[in-house]
Amino acid sequence: MQRSITRAPGVCNVAGATVLFVGIAMMLDDYVIDVLLRDLVGHDHRPASYLVYLWLAFEQGRSKGPVQASYQEMAESIGISKSSAQAAVSWLLRRKLLVVSKENVTATPLYSVQQPWRHAKRWLK
């Protein structure tokens, strides 16, 4: 008897997600994994902010520039609610890890991921 493997809608492929995470991690600074992960997830208790930061950093690296995305697009791409995406962006702006610009009030925002630790290294030398 032949069995087919089916997956319920919305179920994540853990192996695929792990490979994707490792691929993203290799593109990012050690600081993002070693410090920012603990800071946003452990200390601030905002894991969605870390996921939004990772996704935007990956998209910015892929497109070689700022990322234009609505909260809905962001939420669907990451697998979080739209309100969680909004709260995450707000927190990242507060922490100065993200810069947002718009052409007008109703335009889809352009997100630029910031890496303030890179600038700090220059000042320490």
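Every read-out reported here was derived from the displayed coordinates using simple, explicitly stated rules and does not represent laboratory data. Since we're looking at a predicted model, the values are computed, not measured. Note: ideal-geometry Cβ built from the backbone for every residue, glycine included; neighbour counts use all protein chains shown.
Laid out as a table, the results:
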| item | result |
| --- | --- |
| Residues whose placed amide H lies under 5 Å from that of residue 46, excluding near-sequence neighbours | 41 |
| Efficiency of FRET from Cβ geometry, residue 64 and residue 90, R₀ 35 Å, rounded to 0.05 | 0.85 |
